[in-house]
Structures are given as structure tokens and as C-alpha cells.
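S.K.: Below: one structure in C-alpha cells.
The values are calculated or read from the model by the stated rules, or taken from the named source; none is laboratory data. The structure presented is a predicted model; accordingly, all values stated were derived computationally and were not measured. Counting neighbours? That spans all protein chains shown, and the Cβs are built from the backbone with ideal geometry, glycine included. For the accessible areas, the whole protein counts, side chains as well, though only heavy atoms, and no ligand, DNA or RNA atoms are used. Shrake-Rupley method; radii C 1.70, N 1.55, O 1.52, S 1.80 Å.
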Amino acid sequence: MNFNLTQIPARTQKPRSYGLTMVMDKGMSVYEARNFCSVAAPHVDLVKLGFGTSFVTPNLREKIAVYKEHGIPVYFGGTLFEAFIIRNQFEDYIQLLQEYEIDYIEVSDGSITIPHSEKCGYIEKLTKYGTVLSEVGSKDETNIFPPYKWIELMRAELNAGASYVIAEARESGNVGLYRSSGEVRQGLVQEILTQIPDEKIIWEAPQKSQQLYFLELLGCNANLGNLAPSEVIPLEAMRVGLRGDTFHLYLNGCSRFKRPPKNNPAS
């Protein structure tokens, strides 16, 4: 950090296995990626080239190289994996991963229906080629999984070889873990945590209120994903108690200044 402050919570250090920040790149240029890395690289652990954007993004190889130069692994969005699967091009997908030297791999079934045993088979096969992140949850807001189903799917996919399971929310944060309003399905989250280790879950949390929920629940080293590039520095400040929402979390009651009452207009 740039200067000394006491009572700052301990963040895990890169390369992190826990406390991850995953960023969604929805089509940044090489120039934008380079500028982004110049300020955010110390705080970013993974970059996802969102949904199928890698198919149409110019200078893709050069942009991937920029991220790698800054020590940030890149992976293709799960929608691209599904696009290959539905076209019976699994072997072509493996060749694509090798051609672009992608060693983080997302397996999802949010847009198509894949029998779960088959999905776990893809996970097991892809562990030979890299670190697998498997996404659980549907992109269809009418398809609501009960908590036991989330737990069952997550456990099976971790057992199949996934290093992390990603809890689905889309880039808008209004499906899966969340209601259409963006409100967290708190009972779902807390039930999942009774069975699945939190360090193995990446919670998609594109909205600030969602990020705050997980930081208050799990602490500053919660795994958070689907961050917009512009939100990385604000999130890192919030993680360590240097944003109004988390300012009082780590002060241990020794400050002579108290939190303003919530009904105080000055707050």
C-alpha cells in the first residue's frame, strides 16, 4: 500500500488461492487493457473475456498477452464453451485453449441444458488442460434452483475436479444468487455455506450492495467475481475498510469517533 494505516485487515497476497477478484472484460481494447493493468493489476486475480466476446474482439492475442505480462490469468466466458458444446466442437475448443495458451477454463450450462453427469465429464477431461472453474446456476430468471440443488451440483463439480465453483448472477447481478431487484437470496447463500467451503466459491457480485453483503458475511477475503474494470479499486478500498460502507468494520472499537446514526442527514 502507499502509506501506513493501522487496523487494516490482512489481505491474502498474489498469487492468491482465496480472496480472489475476478474481472469481466466485455470487449476492452488492447490500449484499455494496458491502462487498466497499470492501476489494477495488483488487485486482480482473474480476467474473464465475457460470454462470447473473444470471438469478435480484435487483437485478441495481443490483449491476452497484456494481461499475462501483468501476471493475470485470462479465460474465456462459459457461454463460449457452451457455444462449442452445442455445435459438437469440444475437441475444437480444446485446440482453441491450446492455441491461445489459456490455462483457466470455465465450464457452464447457463444457456443450454447439459446432463449433469456429462457436465462433470467435461470438467474431468478439462482438468488435464488447466484449472477448471465451473459455474452453477441458470441465466434464466424463471429457473430458480432450491438450495439443496445448488449444494448437490457444487459438490459434484468440485469432486469432478473443478478448483472453484462460480455462483451465477450474470453481469447484471439479477439472476441466480439474486432476485430480479438485485437483492441477495440470503437464505440460499447461508445454506450453501453450511456444506461448501467458502474459499471454493467465487460469488458473482457486480453490484456494490452485493459485494458489501459478502464482505460483511465472509470478511475482506471473500472471492468476488464479475467486477467491472472500473470497480476494482473501489472494491479493494471497500475490502480493507476504506469506503464508507465498511469504514467501521475493522476499528475494534478504539476510535473516539463513532458511526453517525443512520437517520442523521450528515451520514
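S.K.: Using alpha carbons only, how many degrees (0 to 90, rounded to 10) separate the axis of helix 60-69 from the longest principal axis of the chain?
M.R.: 50
S.K.: What is the Rg over Rh value, at two decimals, for segment 35-136, using alpha-carbon atoms and the Kirkwood definition of Rh?
M.R.: Rg divided by Rh gives 0.97.
S.K.: Another question, if that's okay. With a sphere of radius 11 Å drawn around the Cβ of Pro229, what net charge do the other residues whose Cβ falls strictly inside it have (Lys, Arg +1; Asp, Glu -1)?
M.R.: Summing Lys/Arg as +1 and Asp/Glu as -1 gives -2.
S.K.: Fully extended, how many nm does the chain gain between Glu216 and Arg11 (0.36 nm per residue separation, minus their Cα-Cα distance)?
M.R.: That pair, Glu216 and Arg11, stretches by 72.3 nm at full extension.
S.K.: Would you pull out the residues with amide H under 5 Å of Ile202's amide H, same chain only if 5 or more places away, H placed 1.01 Å from N?
M.R.: Those lying under 5 Å, H to H, from Ile202 are Val165, Ile166, Ala167.
S.K.: What is the local net charge at Gln186, summed over the other residues whose Cβ is closer than 13 Å to its Cβ (Lys, Arg +1; Asp, Glu -1)?
M.R.: With Lys, Arg at +1 and Asp, Glu at -1, the neighbours total -1.
S.K.: How big is the antiparallel share of DSSP beta bridges in the chain, given as a percent to the nearest 5?
M.R.: Once the DSSP bridges in the chain are tallied, antiparallel ones form about 5 percent.
S.K.: Next up: What FRET efficiency would be calculated for the residue pair Ile233, His116, taking the C-beta separation as r and a Förster radius of 41 Å, to the nearest 0.05?
M.R.: Working from the Cβ atoms, E equals 0.60.
S.K.: Could I ask something else about it? Considering only protein heavy atoms, with the full assembly of protein chains and a 1.4 angstrom probe, order Arg243, Arg61 by accessible area, largest first.
M.R.: Arg61, Arg243
S.K.: Let me ask something else. Can you pull the three principal axis extents for the Cα set of the chain, in Å, largest first?
M.R.: Principal axes ranked by extent give 64, 43, 29 Å for the Cα atoms.
S.K.: Step through the residues of segment 10-27 one at a time and calculate ³J(HN,Hα) from phi using the Karplus curve (6.51 cos²θ - 1.76 cosθ + 1.60, θ = phi - 60°), rounding each to whole Hz and writing x for Gly and Pro.
M.R.: 6, 8, 4, 9, 5, x, 8, 9, 8, x, 6, 10, 10, 10, 9, 9, 9, x
S.K.: Further question on the same structure: Using all Cα-Cα distances in segment 204-247, what percent lands in each 10 angstrom bin from 0 up to the longest?
M.R.: In whole percents, the pair-distance histogram is 31, 65, 4.
S.K.: Another question, if that's okay. Would you mind calculating the relative contact order of the chain from Cα pairs under 8 angstrom and at least 6 residues apart, reporting the percent as a whole number?
M.R.: 20
S.K.: Springs between alpha-carbon atoms under 10 Å, Gaussian network over the chain: tell me which of Arg87, Arg185, Arg239 tops the mean-square fluctuations.
M.R.: Arg87
S.K.: Right, something else. What residue among Leu158, Leu96, Leu215 shows peak mean-square fluctuation when the chain is described by a Gaussian network model with Cα springs under 10 Å?
M.R.: Leu96
S.K.: Charges at C-beta only: +1 for Lys and Arg, -1 for Asp and Glu. How large is the resulting dipole of the chain about its Cα centre, in Debye rounded to 20?
M.R.: Using Cβ point charges on Lys, Arg, Asp and Glu, the chain gives about 1080 debye.
S.K.: Hey, can you find the accessible area per residue of the chain for me, probe 1.4 Å, expressed in square angstrom?
M.R.: 49
S.K.: Quick one: of Lys125/Lys149; Lys48/Lys208; Lys128/Lys208; Lys128/Lys200, which pairs are farther than 31 Å apart, Cα to Cα?
M.R.: The answer is Lys128/Lys208.
S.K.: What is the sum of charges around Gln195, taking Lys and Arg as +1, Asp and Glu as -1, for the other residues whose C-beta is under 15 Å from the C-beta of Gln195?
M.R.: Net local charge, Gln195 excluded: -2.
S.K.: Treating only the Cβ of Lys, Arg, Asp and Glu as charged (+1, +1, -1, -1), what charge dipole size does segment 1-125 show about its Cα centre? Round to the nearest 20 debye.
M.R.: 480
S.K.: Ignoring ligands, DNA and RNA, what percent of the accessible area of the chain is carbon or sulfur (1.4 Å)?
M.R.: The C+S portion of the solvent-accessible surface of the chain is 51 percent.
S.K.: While we're on this one: Return the long-range amide H neighbours of Asp103 (sequence gap of 5 or more, or a different chain), with a cut-off of under 5 Å between placed amide H atoms.
M.R.: Val74
S.K.: Okay, next question. In percent, what relative contact order does segment 1-147 have, based on Cα pairs under 8 Å that are 6 or more apart in sequence?
M.R.: The value is 17 percent.
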